[in-house]
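Have a look at the structure below, then the notes.
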Amino acid sequence: MTIDLLIPLLAATVQAGTPVLYATLGEMVTERSGTLNLGVEGMMLVGAFAAFLASTATGSPWVGFVAGGLGGLGLAAVHGLVTIVFTGNQVVSGLALTILGSGLAAYLGTPYVGANTPGFGHLPLPLLADIPVLGPVFFRHDALVYVSYVLPVLIWLLFARTRLGLALDAAGENPAAAKAAGLSVPGLRWLGVLAGGFLVGLGGAYLSLSYTHLWTNGLAAGRGWIAVALVIFAFWRPGRAVLGAYLFGGVMAFQLRLQASGTVLPSSLLLMLPYVLTILVLLLSSIRGRVKNAPAALGANVEPEG
Amino acid sequence: MRLSIVKRQEPLPGGSFFILAGALVFSLSISALLLALQGKSALGGLYVLWHGAFGAGYALVDTILKSVPIYLCGLGVAVAFRMQIWNIGAEGQFAMGAVGATWAALTFPEAPAALVLPLMFACAALAGGAFAFIPAWLKTRLKVNEIISTLMLNYIAILFLDYLVYGPWKEKRSFGFPMTAQFSDAAVIGGIGGSRLHWGLVVCVLAGILVFVMLRFTRLGFELKASGSAARASRYARMPYDALVWTVMAICGALAGTAGLIETSATVNRLQPSVMAGYGYTAIVVAWLARLNPLTIALAAFFLAGLRVGVENLQLELQVPAAFGNIMEGLILLSVLAGQFFQTYRIALRRRAG
């Protein structure tokens, strides 16, 4: 009996966690290469809108998905320009990026509010979908959820097994040493910023193409900021990012079910849950005393050379 | 010949002015382009924007009134930023200040102004300040990043305000609208000499002087600056870093809370969700544009308030979405950040050796 209630809740957890997972992984790549980009919320919104627009225009959700990534990348490029080329303050630039991104999405999106878009439908994986419990929880979603299963593994491989990953980490940990070793720190940081922005944009695309299938303003609703927090919670490691994202997915799914069940609890108090949880999660990770795993040169710009 | 980047011996004289002018021209051009993209007249739009903000007496009064909450929040944010404490929480502290003041106004509807107004100011400052203690505590005791905690608390505070006006504080005769009862006349901050300009302006002037004096002439101001620019050195000098964090958070919370009070009491006369207009975020733009200086913050606040009022005019006359203002705010801040590069560096043409 309880399992019948639990399985839909867990499936909804995976769905709600997926956009946060994309965004967390994206910000993680950016931060490991040494750049702090607080514009995640803005990049997600621009990604969501670009995805919506491209999917509507072409009728292909996959084109929309890639467009969402490019939208995030485009905004991230502004951050790269301000911080890597012009050595502007990373914190302030990221905040400005969020203001700009949410403004752009709302401004360009206003004529489309409430409009539907061809999105991703459910695609149960053959065989896997029939496994009891695991099947309905993990393998009866849309394609973007499956992509998000592969992504953390790829990112883990990138950092653990490739020279490029090592170089990105070097740009984030010790830019001076990286430069001495003949690496181009600005180049690596650009790569981190753009690749991260692309992933964050994909998270935004998930929101408009899979989660809602229509355009509304303020679609991200703080998920971008939650992703920034989850990078800290995850100690900059892809595996823990999965854990964190699903933790959040769980709270969001639970909160929605509770509202739908007609509880006496006021919805404004229920809506606080994910934000309260974010603070709690940060608190827990800092009590365990391992917050020092941040890339050593995170947030510090590299002086341009003559 | 090739281009190279050379560090300046001294900052570019008058640089701030050129950077700001350049950033403005750049941001306005992009904004005009965006207007044209939606089939609106670009130059006409910019004119409507300017005219709505600064073009007539009525518009100027609107702009001045809107600078009040932005100035107070910007002042608070600047105090925290001076110490490199990235308090993004002015928005939430503003909400809690509005809630605190409303509690006082609703609890004592019969009280005379001489009692209820001071009580409201105290409640707003306390509520905003106490709310800012949460991230201060999290940061100093548990090393929780203040950017995230203050941001999350913004969402929480706004939802708490919503909860109150949709629930326990809702006016019974409001036809279902989420709002409290109107404040008694005694709880409303009135106009100066019958004009639309209210006494909140005087509060701004006093707060500005206080913060200026504190930053410029007191030990506290010096310690803030030192802890911001050289955290480690200041610890060696036995400056109480944690106590300073609590202090700047309290100051910012109290100022933002006061802004919430003034907006609720003087402008709306009751608490409703629309008091939350994102002044706390605009304050960050203002503080940074003004380089955290209390006097220039007044100018920047006036300018960005004008932008908001102008955008309202654009909304009315050309049906441009309100988000246009956010785009301009973001663009101006980003281009100023990028432009500051030219204050420390210059591009030189260099002949290739050999």
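The values are calculated or read from the model by the stated rules, or taken from the named source; none is laboratory data. Predicted, not measured: the structure shown is a model, and the values here were computed from it. Neighbour counts are summed over all protein chains in view; Cβ atoms, including those assigned to glycine, are modelled from backbone coordinates with ideal geometry. The area values use the complete protein model at the heavy-atom level, side chains included, leaving out ligands, DNA and RNA. Shrake-Rupley method; radii C 1.70, N 1.55, O 1.52, S 1.80 Å.
So, of the residues in the range B:235-250 that are under 28 Å from the mean Cα position of the chain (by Cα) and of a type in the set (Gly, Ala, Ser), which turns out to be nearest to residue B:131 (Cα to Cα)? Here the answer is B:250.
Every test in (1) open to solvent by 10 Å² or more (accessible area, probe 1.4 Å); (2) outside any loop (DSSP other than H, G, I, E, B); (3) out of contact with any helix residue (DSSP H, G or I) (no Cβ under 6 Å at 6 or more places or on another chain) is passed by residue A:122 save one, and that test is (2). The number of residues in the range B:64-80 being surrounded by fewer than 24 Cβ atoms within 10 Å (Cβ to Cβ) and touching a Phe, Trp or Tyr at 6+ places or on another chain (Cβ under 9 Å) comes to 1. Scanning the range B:124-138 for residues that are at the interface with chain A (Cβ under 10 Å from one of its Cβ atoms) and either of a type outside the set (Val, Ile, Thr) or over 15 Å from residue B:99 (Cβ atoms) (or both) yields B:135, B:138. Among residues of the range A:1-24 being open to solvent by less than 10 Å² (accessible area, probe 1.4 Å) and of a type in the set (A, V, I, L, M), the one that is nearest to residue A:253 (Cα to Cα) is A:16.
Yes or no: residue B:88 open to solvent by less than 40 Å² (accessible area, probe 1.4 Å) and modelled with pLDDT under 95? For residue B:88, the condition - open to solvent by less than 40 Å² (accessible area, probe 1.4 Å) and modelled with pLDDT under 95 - is met.
Scanning the range A:213-264 for residues that are charged (D, E, K, R), assigned to a helix (DSSP H, G or I) and open to solvent by 50 Å² or more (accessible area, probe 1.4 Å) turns up A:240, A:257. Among the candidates B:119, B:164, B:65, the residue that is in contact with a strand residue (DSSP E or B) (Cβ under 8 Å, 6 or more places away or on another chain) and assigned to a helix (DSSP H, G or I) is uniquely B:65.
Given the condition at pLDDT 85 or above and in contact with a strand residue (DSSP E or B) (Cβ under 9 Å, 6 or more places away or on another chain), answer yes or no: does some residue in the range A:55-63 qualify?
Taking the range A:55-63 first, the residues at pLDDT 85 or above are A:55-63.
Then keep just the ones that are in contact with a strand residue (DSSP E or B) (Cβ under 9 Å, 6 or more places away or on another chain); that gives A:56.
Within the range A:55-63, one or more residues are at pLDDT 85 or above and in contact with a strand residue (DSSP E or B) (Cβ under 9 Å, 6 or more places away or on another chain).
Residue B:25 meets all of the listed conditions (1) within 28 Å of residue B:195 (Cβ to Cβ); (2) β-branched (Val, Ile, Thr); (3) open to solvent by 50 Å² or more (accessible area, probe 1.4 Å) but one, namely (1).
Of all residues in the range A:268-295, those satisfying the criterion of being more than 8 Å from chain B (Cβ to nearest Cβ) and modelled with pLDDT of 85 or more are A:270, A:273, A:274, A:277, A:280, A:281, A:295. Filtered by the rule that a residue be among the β-branched types (Val, Ile, Thr) and open to solvent by 10 Å² or more (accessible area, probe 1.4 Å), the range B:137-146 gives a lone residue, B:140. When residue B:291 is tested against (1) open to solvent by less than 50 Å² (accessible area, probe 1.4 Å); (2) touching a helix residue (DSSP H, G or I) at 6+ places or on another chain (Cβ under 9 Å); (3) more than 8 Å from chain A (Cβ to nearest Cβ), only condition (1) is not met.
Residues are listed down the side, and each one gets a yes or a no for (1) at pLDDT 90 or above; (2) not aliphatic (A, V, I, L, M):
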residue: B:198; (1), (2): no, yes
residue: B:203; (1), (2): yes, no
residue: B:236; (1), (2): no, yes
residue: B:242; (1), (2): no, yes
residue: B:245; (1), (2): yes, no
residue: B:256; (1), (2): yes, no
residue: B:260; (1), (2): yes, yes
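The helices (runs of 4 or more DSSP H) located wholly in the range B:294-346 that include 2 or more residues which are within 14 Å of another protein chain (Cβ to nearest Cβ), of a type outside the set (A, V, I, L, M) and touching a residue at least 40 places away in the same chain (Cβ under 8 Å) occupy B:324-339, B:341-344. Screening the range B:156-169 for residues that are free of Cβ contacts under 8 Å to residues at least 24 places away in the same chain and buried (at least 17 other Cβ atoms within 10 Å of the Cβ) and picking the one that is farthest from the other protein chains (Cβ to nearest Cβ) gives B:166. If you go through the range B:8-39 and keep only what is at pLDDT below 80 and in a helix (DSSP H, G or I), you end up with B:15, B:16. Could you go through the range B:260-273 and let me know if any residue there is under 18 Å from the mean Cα position of the chain (by Cα), of a type in the set (A, V, I, L, M, F, W, C), at the interface with chain A (Cβ under 9 Å from one of its Cβ atoms) and open to solvent by less than 40 Å² (accessible area, probe 1.4 Å). Within the range B:260-273 (the criterion being under 18 Å from the mean Cα position of the chain (by Cα), of a type in the set (A, V, I, L, M, F, W, C), at the interface with chain A (Cβ under 9 Å from one of its Cβ atoms) and open to solvent by less than 40 Å² (accessible area, probe 1.4 Å)), the answer is no, since none of the residues qualifies.
Among the candidates B:189, B:148, the residue that is assigned to a loop (DSSP other than H, G, I, E, B) and more than 30 Å from residue A:264 (Cβ to Cβ) is uniquely B:189.
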